[in-house]
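What follows is calculated from the coordinates using simple rules that are stated; it is not laboratory data. Source: prediction; values computed, not measured. In this analysis, Cβ positions are derived from the backbone assuming ideal geometry, glycine residues included, and neighbour counts consider all displayed protein chains.
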Amino acid sequence: MPSTALASDADIKAALAGKTITSGKSVIKIRKNGRMTGKVGKNGDVKIEGAWAIRDGKWCRTIKEPQSFSGTECQTLSFGDGTVSFTGSRGT
């Protein structure tokens, strides 16, 4: 997938805000106000809540619920062909 560089954190935020992230049965809504909500897990049945921000060109998300997923992680982003890929500290 060709990568598209965005000029600033504000550009990246504008590109993601209001969008929905999907992966398998997981669906997360990325709200313009910095919140994120959705359903994740193998069956897409685990409710998730948290916040997101762009810091130094990375997607930083803080999950509040469920407790088993809680915490903050900043992930590298790659944009291309109308998609975005997130790469976390474990390479996924």
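Observations
- Ranking of ARG61, ARG35 by count of other Cβ atoms within 10 Å, fewest first: ARG35, ARG61
- Linear extension gain, ASN33 paired with ASP81, 0.36 nm per residue minus alpha-carbon span: 14.7 nm
- Cα-based reach from LYS25 at 17 Å (exclusive), listing lysines while leaving out same-chain residues under 8 positions away: LYS39, LYS42, LYS47
- Taking a sphere under 12 Å around the Cβ of ASP45 and counting the other residues whose Cβ falls inside, with K and R at +1 and D and E at -1, yields a net charge of +4.
- Dipole magnitude for the chain: about 320 debye, using +1 per Lys or Arg Cβ and -1 per Asp or Glu Cβ, origin at the Cα centre.
- Förster radius 35 Å - calculated FRET efficiency between SER68 and ALA14, Cβ distance, rounded to 0.05: 0.65
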